[in-house]
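What follows draws every value from the coordinates through simple rules; no lab data is involved. Just so we're clear, the structure is a prediction, and the values are computed from it rather than from any experiment.
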Amino acid sequence: MTELRTRMVRDMTLRGFSPRTHKSYIAAVVHVARHDRRSPDQLTNEEVQAYLLHLVQHRKLAWASCRLAVNAFRFLYHVTLERDRTEFRVPAPKVPQKLPEILSREEVWRLLDAASSPKHRLLLATTYAAGLRVSEVVALKVSDIDPERLTIRVEHGKGGKDRYVPLADRLLVELRRSWHVVPPAHWVFPNRQGPRPIDITVAQKIYMLTTLRAGIRKQGGLHSLRHAYATHLLEAGTDLHTVQRLLGHSQISTTMRYVHLSQHRVLGTRSPLDLPQPPAA
């Protein structure tokens, strides 16, 4: 490990950054060093900004990926290298925000029933039953499951925050059934290639292949089950702040989008034309 990387890791650790943030920031810095063939501490602010434009214009990376690189460079140059507060920027996307297609409860059950193996079904059921992000479900450890308190601990969620979500009775039954056949050592969804959890890409592939088997043509990846979880909770009458806590959202505005996706709330709203006619003047 180079001295610069050691310093950057130390600074991130002191500020309580999550392991996932460590990995993402270091990767961004490694990539700019390879691109310019120089140590990052030798690059000028203008060269770093030129690299960011390269990511947008030539690599065609998603805005979120470019934004992550911006945050990594700001931390490296402003915190670790203590440079001036030059702002690195990438142009914001000029695309309309499209609401995701939400799976109905019937489609969720169809999906689970179409799984090609009990392990695949368990992965999909866990994601939906707990409303987990893809990165959260693959990182689940056996010790995170508490059958006595009926809770699941989500460790190092987005923003590095831990949270607890309810452990559904049906999910506990499926977990016990699976563990009776193959008792897990550490990870709930272990990788066949070694002592680590399955890759996110593998989890996404399981979801996509199962949607094909189930005949579901709605767009989206494994995260669709998290969208469905939140929307179905709201449709069942769960209050917005509870859903916010279960999803691990820091801002209520992030959770508010699911109100727009709730068909019961939208379709159950009366048109103003159907309201009682006011008395004639």
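Below, the figures for the structure above:
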item	result
Cα-based helix-to-principal-axis angle, 200-214 vs the chain, degrees rounded to 10	30 degrees
Label selected from (i) 33, 20, 19; (ii) 38, 29, 18; (iii) 35, 25, 16, the criterion being semi-axes √(5λ) of the Cα gyration tensor in Å as computed here	(ii)
Principal-axis tilt of helix 19-36 within the chain, Cα atoms, nearest 10 degrees	50 degrees
Principal semi-axes in Å for the stretch 87-228 [√(5λ), Cα gyration tensor, largest first]	26, 20, 15
